[in-house]
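Single-structure report; data block below.
The values are calculated or read from the model by the stated rules, or taken from the named source; none is laboratory data. Worth saying up front: this structure is predicted, and the values here are computed from it rather than measured. Positions of Cβ are backbone-derived with ideal geometry, glycine not excepted, and every protein chain shown enters the neighbour counts. All accessible areas refer to the heavy atoms of the entire protein, side chains included, with ligands and DNA or RNA removed. Shrake-Rupley method; radii C 1.70, N 1.55, O 1.52, S 1.80 Å.
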Amino acid sequence: MKKTIMITGAGSGLGRGTAIGLAKKGHKVIAATETTSQKTSVLREAEELGLSNLEVLKIDITNPIDLVQIDEYDFDIFVANAAINEGGPLSEIPMERFKAIFEVNVFSTLESVQYAARKLVEKGSGKIFFLSSMAGVMKTAYGGPYASTKHAIEALALTLKQELDPHGVKVATINPGPYNTGFNDRAAEEKWKWFDDEVHFTSGEDMKEKEKGLENQYDPKEMIEVMVDLIPSDHHKVRNAYPPETEKQMKETEKKQWEMEI
């Protein structure tokens, strides 16, 4: 059965690829991009591919005027995908930068979901997906700002699941591992805008060493294919991690957290 799906953060990366992929499968897709330039780019790709079932609109989820547009659409599934990323030591990251990532990834994400929840509760059916991350369970040094927001997303999703189940609305998360969309690389770069070895006590060399992990990211096409199949599916897990080795790592990490000592 074909579904109508709204997805935020569809201007780039996994969100864009998934929106295009879902439309190719015949679903009606409402792709929301952060900027008008992204909207133009996605529209051009949709036109080139002949995807008349893909509608594109500009929704910056931090903009209340943009968010109101969600009320104008009827959909079966809402995918809260929009997010930003930034790395850096939690003990020294400037608070304005830490607050900014929470503003997008937590506060504005929840506000967009509230719009969707009201519509789906009124219908008595539907589904909300949160794009979480392996970082919603795991954590690495200097990845704390982003991981903190995704830990919050896990709590939001599981709580909303309990609250919306009685209304016939399902809630789930998608937890990708590290995919080479450029999202993680740009996040790693951001901290060097403010970090200064002569001012901060954190080891700059250690941060650079940790960045080497970005050399082994996965092909995003794999994750996009998973999301295209998963999102419209009627039956799946509440937490959906991929690839399998990432799911295994997440489960092992949760177990080890109960055994940690100081």
_I need the full set of residues from segment 1-10 which are surrounded by 23 or more Cβ atoms within 10 Å (Cβ to Cβ) and not in a loop (DSSP other than H, G, I, E, B), in order please._
Ile5, Met6, Ile7
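What about Ala157, is it modelled with pLDDT of 95 or more, open to solvent by less than 30 Å² (accessible area, probe 1.4 Å), within 25 Å of Lys248 (Cα to Cα) and assigned to a helix (DSSP H, G or I)? Working first, answer last.
Values: modelled with pLDDT of 95 or more: yes; open to solvent by less than 30 Å² (accessible area, probe 1.4 Å): yes; within 25 Å of Lys248 (Cα to Cα): yes; assigned to a helix (DSSP H, G or I): yes.
Spelling it out, Ala157 is indeed modelled with pLDDT of 95 or more, open to solvent by less than 30 Å² (accessible area, probe 1.4 Å), within 25 Å of Lys248 (Cα to Cα) and assigned to a helix (DSSP H, G or I).
Quick check: anything in segment 188-203 touching a Phe, Trp or Tyr at 6+ places or on another chain (Cβ under 7 Å), over 21 Å from Ile7 (Cβ atoms), open to solvent by 50 Å² or more (accessible area, probe 1.4 Å) and basic (Lys, Arg)? Outline the logic, then answer.
Going residue by residue through segment 188-203, those that are touching a Phe, Trp or Tyr at 6+ places or on another chain (Cβ under 7 Å) are none.
Scanning segment 188-203 turns up no residue that is touching a Phe, Trp or Tyr at 6+ places or on another chain (Cβ under 7 Å), over 21 Å from Ile7 (Cβ atoms), open to solvent by 50 Å² or more (accessible area, probe 1.4 Å) and basic (Lys, Arg).
If you take just the helices (runs of 4 or more DSSP H) that sit entirely in segment 178-262, which of them hold at least 2 residues that are of a type in the set (Lys, Arg) and closer than 24 Å to Glu92 by Cβ? Don't jump to the end; show me each part of the working.
Working: elements: 183-190, 204-211, 220-230, 244-257.
Ranges flagged: 204-211.
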_Against the conditions (1) open to solvent by 50 Å² or more (accessible area, probe 1.4 Å); (2) more than 16 Å from the chain's Cα centre (by Cα), where does Phe183 fall short? Just the number, please._
(2)
*asked:* Being of a type in the set (Gly, Ala, Ser) and assigned to a helix (DSSP H, G or I): is that true of Ala172 here?
replied: no
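In the list Pro220, Pro243, Pro232, which residue meets the criterion of being farther than 30 Å from Gln162 by Cβ and modelled with pLDDT of 95 or more?
Details: Pro243 fails: farther than 30 Å from Gln162 by Cβ; Pro232 fails: farther than 30 Å from Gln162 by Cβ.
Going through Pro220, Pro243, Pro232 in turn, the sole match is Pro220.
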*Which numbered condition Glu96 misses (of (1) under 17 Å from the mean Cα position of the chain (by Cα); (2) part of a helix (DSSP H, G or I); (3) at pLDDT 95 or above)*: (1)
*asked:* So for segment 121-128 (the condition being closer than 24 Å to Leu214 by Cα and not hydroxyl-bearing (Ser, Thr, Tyr)), does at least one residue qualify?
replied: no
